[in-house]
2 protein chains.
Amino acid sequence: MKVAVSIDIGGTNTKLALVDQNYQLLRRSQLPTLGYGSVSSYLNTVFNHIRKLASGLDRNYEIEGIGIGTPCANTRTKMIEGAANISFLNDQPITTLFESEFGVPTQLINDGNAAALGEGIKGAAQGMSNYILITLGTGLGCGIVVEGKVAQGVRGMAGEFGHVIAQKGGRQCACGAKGCLETYTSASGLKRTVFELMADLDQESILRSISFEQMSAKQIYEAALKGDPIALKAFDFTGMILGEKLADLVTLFEPQAIFLTGGLASAADLFLEATIAGARKNVLPIYRSTIHILISSLAVNEAALYGAASLVFEHQKQVVL
Amino acid sequence: MKVAVSIDIGGTNTKLALVDQNYQLLRRSQLPTLGYGSVSSYLNTVFNHIRKLASGLDRNYEIEGIGIGTPCANTRTKMIEGAANISFLNDQPITTLFESEFGVPTQLINDGNAAALGEGIKGAAQGMSNYILITLGTGLGCGIVVEGKVAQGVRGMAGEFGHVIAQKGGRQCACGAKGCLETYTSASGLKRTVFELMADLDQESILRSISFEQMSAKQIYEAALKGDPIALKAFDFTGMILGEKLADLVTLFEPQAIFLTGGLASAADLFLEATIAGARKNVLPIYRSTIHILISSLAVNEAALYGAASLVFEHQKQVVL
């Protein structure tokens, strides 16, 4: 049985898995991404995790290749380029280093695109050929599947929906632009909205006792569950902005469904209604009946691991043909 | 030699062509779309045009099928649905009627998607697998090619870039929404901008002597060539808004190029610089070097005719396989 090593390099953790060609997740592992002092020290730790995972495999399993999902993956140069959170890996020939170490083909893909592929392989998008997966985490990730293929663009960097402009001249984004969607509709965007609302309104709120640095999306979520008016308004505003921009995606792609995943998506009860209302308001009327905004059926990060694994098996297929 | 009948049904004219399988345009014809009193009277006129075109063909040519590009084509039901300009054709089984009349398979496609396919077949997008074609006419049409396939969506209605929101709560669009891109970046949008500028500014302008009903994009173009400040500002504003929204397309698709076509595109000298500046300002910095906004190399409407023809030949291929 053929097996893929699947890796999802995030800003906080690096997740690994062994996935067989029936997309059964055999074994998993995880390590922090940062704090190693050097690229080689980080990579050696990843290599050790892979060896440990592989050592537990039966003899009838054979590792066919490695698939890596990362932010800012340039699939042409096979390097990470311009990543803010994992800048130590920028412009490093990481696929070559994996290939030297393990002697198997290694592919790179943007994490948002990997997650979208994974949702189609094992998640709620199975059988769909036109769908979109949005990851609402610290930032906003996205993968767009068109006629059965994930939109990768010239360098594999397509799908950066987090950086379409939601508000002209709006909030400063880490990317350098102003008003990017992810400055509103992400865990960090939600917090910024809470602070804006605390300034604008005079309603009491549990959140007024927490500093910007200390406030987490989880605290906002818990406040909302207790009926805190600022927290509830923040979720409502976040949902509406998201919906308004999802309308653009519906107008451009007419997808069968848009799936939400990531930490913030687990609080969808608090904002999904506003999202659907925002989308309905902004969409071309002929699309109104086709808006399907759903929650991903996979655990956060699993989708990206399945998607990264698919690079190995799809690559094999191409080679065979 | 196999031949396709290619039809482009526009709000003003219906264009027809015979196209051979090497995509040589053999013969062309044209008729007004409106003013027939009934669907069957219109269709009979189209049928007569086809018969006349076909009667001039050599015996070694054989008509394989018919491809029709129209606004609001639902490729699933094979009917036009919700079209404002050609509403008399809405919900009519037109492909069935063509098939009954000529006994060959008839396919439907959105005109913007047809034009995008055509640009790839005979135009400047040959050899590209990720590109976008924008038609700047009375409205704004669009076709998006992703990994070699035109994005059609669930019902074939994807790519309505003219109806993404350019300005929240902005200009009233015929579709019912407010602030749609085509209310700014189209021949009619340009005129609306001229009237807004005449209200806002006190500069003299040749255009102040022309009523809203009488003003054409051509008059604005000619005024701009004479240095009219309102006309020049209107083109500049149009270009900038277009660029700001093209930035979203670059961020979502990372295309090899975005092509402009249609009447307004022939005045690109007056707005392209503003378009590129608007796109550069709004795009994720990692994409800045990849912005290529170019003018289509095909005559207006030709692209859609080639694209509609490709439905016939591609359909044949699928049947053969």
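Treating only the Cβ atoms of Lys and Arg (+1) and Asp and Glu (-1) as charged, compute the dipole magnitude of the stretch B:31-144 about its Cα centre; round to the nearest 20 debye.
100
Among the chymotrypsin sites (Phe, Trp or Tyr not before Pro) within the stretch B:180-259, which fall in a DSSP loop and have no more than 12 other Cβ atoms within 10 Å of their own Cβ?
Passing sites in the stretch B:180-259 are B:Phe212.
What order do you get for A:Ser205, A:Ser310 when you list them from fewest to most C-beta neighbours inside 10 Å?
If I rank by nearby Cβ atoms, fewest first, I get A:Ser205, A:Ser310.
Please give the net charge around B:Gly148, taking every other residue with its beta carbon less than 11 angstrom from that of B:Gly148, where Lys and Arg add +1 and Asp and Glu add -1.
That sum, taken over residues with Cβ under 11 Å, equals 0.
Where the label is 7 Å out from Cα toward Cβ, how close does B:Lys149 come to the same position in every other copy, in nm, shortest first?
0.8
Once phi is turned into ³J(HN,Hα) by the Karplus curve 6.51 cos²θ - 1.76 cosθ + 1.60 with θ = phi - 60°, what whole-Hz value does each residue of the stretch B:232-237 show in order, with x for glycine and proline?
Values per residue, Gly and Pro as x: 4, 5, 5, 5, 4, 5 Hz.
Between copies, how far apart are the B:Ile295 label points? List them in nm, one decimal, shortest first, with each point 7 Å from Cα toward Cβ, please?
Computed spacing set for this position: 5.3 nm.
Once you order the gyration tensor axes a ≥ b ≥ c over the Cα atoms, which shape class does the protein assembly as shown get: rounded for a/c under 1.5, otherwise prolate or oblate by comparing a/b with b/c?
It is oblate, given that a/c is not under 1.5 and a/b is not larger than b/c.
Under a point-charge model restricted to the Cβ atoms of Lys and Arg (+1) and Asp and Glu (-1), what is the dipole moment magnitude of the protein assembly as shown relative to its Cα centre, in debye to the nearest 20?
340
Taking other Cβ within 10 Å of each residue's Cβ, how do B:Arg155, A:Arg208 sort, fewest first?
A:Arg208, B:Arg155
So, in nm, how far is label B:Phe47 from label B:Arg28 when the simple model puts each one 7 Å beyond its Cα toward the Cβ?
For B:Phe47 paired with B:Arg28, the spin-label model returns 2.7 nm.
Answer with one residue from B:Phe271, B:Leu31, B:Ser129: the one whose Cα lies farthest towards the positive end of the charge dipole of the protein assembly as shown, charges on Cβ with Lys, Arg +1 and Asp, Glu -1.
B:Ser129
Give me the distance between the Cα centres of the stretch A:28-55 and the stretch A:189-219, rounded to whole Å.
37
List, in order, the whole-Hz ³J(HN,Hα) value for each residue of the stretch A:202-211 obtained from phi through the Karplus relation with A = 6.51, B = -1.76, C = 1.60 and θ = phi - 60°; use x for Gly and Pro.
10, 5, 5, 7, 4, 6, 5, 8, 10, 6
Please report which chain B residue places its beta carbon nearest the axis carrying chain B onto chain A, with the distance rounded to a whole angstrom.
B:Val146, 2
Taking the Cα centre of the stretch B:83-218 as origin and charging only Cβ (+1 Lys, Arg; -1 Asp, Glu), how large is the dipole, in debye to the nearest 20?
It works out to roughly 200 debye.
Can you put B:Met157, A:Met240, A:Met128 in order, fewest other beta carbons within 10 Å first?
In increasing order of surrounding Cβ atoms, one gets A:Met128, A:Met240, B:Met157.
Quantify how strongly other chains surround peptide B:249-262 by giving the mean number of their Cβ atoms within 10 Å of each of its Cβ atoms.
Counting Cβ atoms of other protein chains within 10 Å of each residue's Cβ and averaging gives 5.
May I ask you to derive the relative contact order of chain B, considering only C-alpha pairs under 8 Å and at least 6 residues apart, and to give it as an integer percent?
The normalised contact order for chain B reaches 20 percent.
Label-to-label distances across copies for A:Arg59, with labels 7 Å out along Cα→Cβ, in nm, shortest first?
Nearest first, the other copies' label points are 7.4 nm away.
We did not get these values from a lab; they are worked out from the coordinates using the rules stated. Predicted model only: the values in this text are computed from it and were never measured. Positions of Cβ are generated from backbone atoms using ideal geometry, with glycine treated the same way; all protein chains shown enter the neighbour counts.
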